[in-house]
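These notes concern the structure reproduced below.
The values are calculated or read from the model by the stated rules, or taken from the named source; none is laboratory data. As the structure is a computational prediction, the values presented were derived from the model and not from experiment. Here the Cβ positions follow ideal geometry from the backbone for every residue, glycine too, while neighbour counts run over all protein chains shown. Surface accessibility is based on the protein's heavy atoms, side chains included, excluding ligands, DNA and RNA. Shrake-Rupley method; radii C 1.70, N 1.55, O 1.52, S 1.80 Å.
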Amino acid sequence: MIHELITKLSANPMFLSFIPMYFIGILTYLFKELPRNLFYFIHNEMFTTVNVRNNNDLYYNLLKWIKDNKDIRFIRNFSWVKDSSDRKAMLTTAYGSFYMIYKKKLLHISRSVDSEPQVNVSYVQHTQKRETIVLSVLGRNVDLLKNIIEEITPKDELLYKDYTKYMVYKNDYWKLVLTSFKRPLNTVVIDKDVKNSLLNHVDTFLKNKEFYAKKGIAWKTGILLYGPPGTGKTSLIKALCGHYNKNFHVLSPSVLESNELQSAFNSLDEESIVVIEDIDSCKIIHKEQTPNAASLVEPGEKSFSDILNCLDGALSSEGRILIATTNHIEKLDEAFLRPGRFDLKLEIGYMTDQMFRDYMSNFYSISDLDKWYVKPNIAACYLQTFILQNLNNYNVVLEKFGYKKE
């Protein structure tokens, strides 16, 4: 029967013409990616590349370099861009790729945008827009790429070792908003035991990366500074960033309630310090909030459990140091404050007698300062402001904020 079927099919001209078409289709499917894969293979073997992303300060500078060195007559697609410092918009090449000759070398430049979600997990619903410029040079010599990076690096970049950069998470990336001189740690007058506890904790954390890895513990830590307003919590964090040569990454409490929280943590550099000031202004983490409140969360907002998942750091950058400040620790839910989320809690209180004397000695030379004591409930910000208004008259300051025991 099979033989008879084969005989009939062999006599069918339509069947005979279908057989080669079938095999051609299979071969076409198998080899459809061959030209592109061959191109990428040759490109990867013959070109040396460097990637610059739009969360890098040099991204805008590289776009400007391309504009200045590529003959604009040969560019067909343009776009208007601004850098993270909101400088004047600039006309430059749009997304796509092209070749150019620079210093007698062949360069391939590709600018692309990736808007795919970062990670497919239940509590990540945010889509982060990322742009990348891939700069490729023909050959194995990386000197030309190094020269280009040096050329687009600001001349004062080396001075940044004496500065702290202040970054704010905005529009899906960390935006540079301010650069200022590092504040010396010894200019922040707080209780010495508090300062030593903070430094010991951060020192121990930063020095034990391998220990965390060997024990299977996420290399991250959280620090909560609490106390009355104006007692120097933010000043202490600024000095801490300068002391450890870290940038000051600021997250507003409103980010806790949005879908930006996880992507903000994901896009941090390793060993970053991220700061959330006045965290008690986020009502989701208050004690009166209950698990049932999650059902009342509006679309695009975080529930209490979402926030805890983000802080637990399964997707956070390595070495992340989260520092939060609050004037009302009593309002915060205990689950939010537990160890593993906040490993160190320090009270930054009103001025003590010794703090008062240290503060005054920073500005004045007073012979009998050891005989003076501070009045109750004095915050450092009020003392500093009054000192700056009376730099030439320390007696007025002593009388307003201090007293002598009889």
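Whenever you get a sec, line up S367, S252 from highest to lowest accessible area (probe 1.4 Å, protein heavy atoms). Write out the running numbers ahead of the final one.
Numbers: S367 120, S252 50 Å².
Ranking S367, S252 by accessible area, largest first, yields S367, S252.
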Rounded, prolate or oblate: which one fits region 195-248, using the alpha carbon gyration tensor with axes a ≥ b ≥ c (rounded when a/c is under 1.5, else prolate when a/b beats b/c, else oblate)? prolate
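Going by accessible area, probe 1.4 Å, with all protein chains left in place, what is the ranking of V52, V250, V177, largest first?
Working: V52 10, V250 40, V177 85 Å².
I get V177, V250, V52, largest accessible area first.
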Heavy atoms of E257 accessible to a 1.4 Å probe, total area in Å² rounded to 10: 60 Å²
So who's got an amide H within less than 5 Å of the one on L106, skipping anything under 5 residues away but keeping other chains? H placed 1.01 Å off N, in plane. L138
Within 10 Å, count the other beta carbons around each residue, average over each peptide in 382-394, 334-346, and list them highest first. 334-346, 382-394
Got a number for the accessible area of S254? Probe 1.4 Å, square angstrom, nearest 10. 70 Å²
Just order 351-360, 273-282 by mean Cβ neighbour count inside 10 Å, highest at the front, would you? 273-282, 351-360
For region 144-153, in residue order, the Karplus 3J(HN,Hα) values (coefficients 6.51, -1.76, 1.60; θ = phi - 60°; whole Hz; Gly and Pro = x) are 5, 5, 4, 5, 5, 4, 5, 5, 8, 6
